[in-house]
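Trainee: So that we are looking at the same thing, I have put the structure below in structure tokens.
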Amino acid sequence: MISAVNIQLSFGGRELFKDVSFRVGTHDRIGLVGSNGAGKSTLLKLLLGEASSDKGEVAKAKYVTVGYLPQEGMHVEGRTLYKEVETAFGDVLEAQSRLEEVHERMGMVSHEDDEFTELLELYGELQHKLEDSDAFRMKAKIEKVLLGLGFSVDDMDRQTDEFSGGWQMRIALAKLLLIQPSLLLLDEPTNHLDLDSLQWLEEYLQSYEGAVIVVSHDRRFLDNMTTKTYELSLGKLTEYSGNYSYFVVEKEERKQLTLAAFRNQQQQIKQTEQFVERFRYKATKARQVQSRIKQLEKMEMVEIEDEESGIRFNFPPAPPSGRVAMELKDIHKSYGEKHIFNGIDFDIDRGDRIAFVGVNGAGKSTLSKIIAGVEPFESGERKVGHNVIVSYFAQHQADELNPRNDVLGTVDEVATGEIRRTLRNLLGCFLFSGDDVFKKVGVLSGGEKSRLALAKMLLQPCNLIVMDEPTNHLDMRSKAVMQQALMNFEGSYVIVSHDRDFLDPIVNKVVEFRKGRIKTYLGNVSEYIYAKQKEQNSAQAASVAAQQEQKKKINDSRQIGSSATHREEPKLSDKDRKRIEAEQRQKRSHLTKPVQQKIYKLEREIEAKEKQKADFEELMGHADFYKDGEKVKHVTAQYKALEAELADIYFKWGEVTKELEKISAGFRD
């Protein structure tokens, strides 16, 4: 469908791409990974046609369309949300407009006129075009995508300029999904999504008809939706035929092979150089010396990446505190007429490791600010525990850094003790290497400032950490370093995040925010998701049971009415009555027997499928199950397929049961 051939590109004397070649198939799901600065976003722009290479070319078929979602910078205004997203159906809207014009003109032209015949033909063509484009389902498609991405029904008529930056990116994503380009390029699409929207997007992309290339630092997202991984490193692109977890394992195996090849080559170079040095001035060996020198010059050097696995960071020791770190009692909080909390209670105990999850706007960030003491509230009580020191990070804190300080000086002014000796290692964890540590804060990008503000916060001694979306601008390595540091931290923490892979190993409670209320679940995020699924399944089962109970009452009522009617009929002789009843039984048996056999067969299928479903749920209920990404993906897919099969069988059972009831009702009548 689209291919890049021998792409070469340099920036500021640095070779970004060296003979990069790859191909994208029509239904590929590709994760594009690599360290910050490796050129991932640049490669996406090359595929889009917004950037050009020094050498090589990007070739694509004429029918191929490419859609691109950048990390930031999207902003629309001047329309309502619905009208803005509706522009994704530009061709459909144009056809509808032309159809209206033709219809209006037809009302002005005589039926006997030749123009009317032409207009009639055009009208038919436009109608067929709209039918082929499924235009009559356009409204349903728009609402499905907007609701899936977290917008509400009330948002549809809001002006787009009322939405913040994160919601602006969701608007852009909604339009892209509805346009359905042949190749979808997504650069960090998960940064502005909550957990519910993220799960919806995963499911949507899994069934997307075109190809998808995604850049993301959300490992779980990559695992769930990609089947290939392209890694950019040292100017080269390497392909791995699996998702991110597969890539990690395979890369380590390849790394060991490359390291062995590198060591062998270095040994060979050393021996060759020793030979040249030893016999350089010996005439009888001159030809051999020259041959060895040429051999060295032609040798293709084996390159290895910088060793990163040894980088570690630990928080300063947490001061001892009381058993209860924080108590919130009857908290009321509003922004104008919008009520966020109406009397919630929330406690944090020593050792609690809590994740805040829920849809955007539900109050996660607001409560984290109240806990940190930086957000006022109308009424209630915030009680800080004995000797509790709170440290808080949010994205906006990046704007509070002194622009005249350099990076190293910014963290040095808060560092104390032994950790001051390892400040440059710490900054390396947060992607500031080499001379980057001497850059002035004023020239840093938004993402760099956020990482610096986070590093600064982590250096200050505390025993209660509150962090709002700390991983948004971190790569996989940086997140792993922070994750390990949090696992070793002796205090408590609250983290607002939707990054499941980051949260799972480090939290022991999940607090869900929904409609002004909070609910606490014990366990990690995967266990929370499983618990929510069980709740939803139970609610659905209760709904089905209620419907069946209602149906039974209706049938019972009909039977009572039918019996009353029969009692009022004149009596027959015993002989006639027995003959009629025998004929009725025979006829009913002839009609109902095959239907009853169908019901019996379907009920056996339901029983077998329900047992399989229970087995899957038991397997998914174990915490160890979520450690194997490939297994989770495979089993989850099987579970979803089984649920779909069960729903289909239940539907068939309902239809056949209705058929049996209809036959039986005919005999009662």
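Here, each number is a calculation from the coordinates, and none is a lab measurement. Treat the numbers as computed from the prediction; the structure is a model and nothing was measured. When we count neighbours, we look across all protein chains shown, and the Cβ atoms used for this are built from the backbone with ideal geometry, even at glycine.
Trainee: Let me check I've understood the local charge: for S182, count other residues with C-beta under 13 angstrom from its C-beta, Lys and Arg +1, Asp and Glu -1. What total comes out?
Mentor: With Lys, Arg at +1 and Asp, Glu at -1, the net is 0.
Trainee: Mean residue ellipticity at 222 nm from the helices of the chain, using -39,500 (n - 2.57) per DSSP H segment of n ≥ 4 over the full residue count, to the nearest 500 deg cm²/dmol?
Mentor: -16500 deg cm²/dmol
Trainee: With a sphere of radius 12 Å drawn around the Cβ of Q271, what net charge do the other residues whose Cβ falls strictly inside it have (Lys, Arg +1; Asp, Glu -1)?
Mentor: Charge balance in the 12 Å sphere: +1.
Trainee: Along each of the three principal axes of the Cα atoms of the chain, give the extent in whole Å, ordering the values from largest to smallest.
Mentor: Taking max minus min along each principal axis of the Cα atoms, the chain gives 131, 79, 61 Å.
Trainee: So which chymotrypsin sites (Phe, Trp or Tyr not before Pro) in the range 188-291 are both in a DSSP loop and have at most 13 other Cβ atoms within 10 Å of their Cβ?
Mentor: Passing sites in the range 188-291 are Y281.
Trainee: So, one more: So in the chain, what percent of DSSP beta bridges are antiparallel if you round to the nearest 5?
Mentor: 55
Trainee: If one takes the longest principal axis of the Cα atoms in the chain, at what angle in degrees, from 0 to 90 and to the nearest 10, does the Cα axis of helix 525-568 lie?
Mentor: So the helix axis and the longest Cα principal axis differ by about 0 degrees.
Trainee: Between the range 313-383 and the range 513-545, how many Å separate their Cα centres?
Mentor: Comparing the Cα centres of the range 313-383 and the range 513-545, I get a distance of 22 Å.
Trainee: Loop only per DSSP, at most 13 neighbouring Cβ atoms within 10 Å: give me the GluC sites (Glu not before Pro) in the range 381-446, ordered by residue number.
Mentor: Qualifying residues, ordered by number: E413.
Trainee: Using only the alpha-carbon atoms, how far is helix 286-298 inclined from the longest principal axis of the chain? Give it as 0 to 90 degrees, nearest 10.
Mentor: Around 40 degrees separate the two axes.
Trainee: Where Lys and Arg each count +1 and Asp and Glu each count -1, what net charge lies around A372 among other residues with Cβ under 12 Å from its Cβ?
Mentor: Neighbourhood net charge equals 0.
Trainee: A further question on this structure: Normalised by the residues of the range 324-523, what does the relative contact order come to in percent, with Cα pairs under 8 Å and at least six apart?
Mentor: Across the range 324-523, relative contact order equals 30 percent.
Trainee: Once fully extended, how much extra length lies between L408 and E94, figured as 0.36 nm per residue of separation less the alpha-carbon to alpha-carbon distance?
Mentor: 107.4 nm
Trainee: Now, a different point. Specify the inter-centroid distance of the range 399-472 and the range 205-273, based on alpha-carbon positions, in whole Å.
Mentor: One Cα centre to the other: 29 Å.
Trainee: Then there's this: Just name one of W200, L222, Y246: the one whose Cα is farthest towards the positive end of the charge dipole of the range 189-249 (beta-carbon charges, Lys/Arg +1, Asp/Glu -1).
Mentor: The Cα lying farthest towards the positive end belongs to Y246.
Trainee: Let me check against my output: what whole-number percent is the relative contact order of the range 253-389, with C-alpha pairs under 8 Å and at least 6 apart?
Mentor: 24
Trainee: Cα atoms only, the range 35-81: Rg and Dmax in Å?
Mentor: Considering the range 35-81 through its Cα atoms, Rg and Dmax are 14.3, 44 Å.
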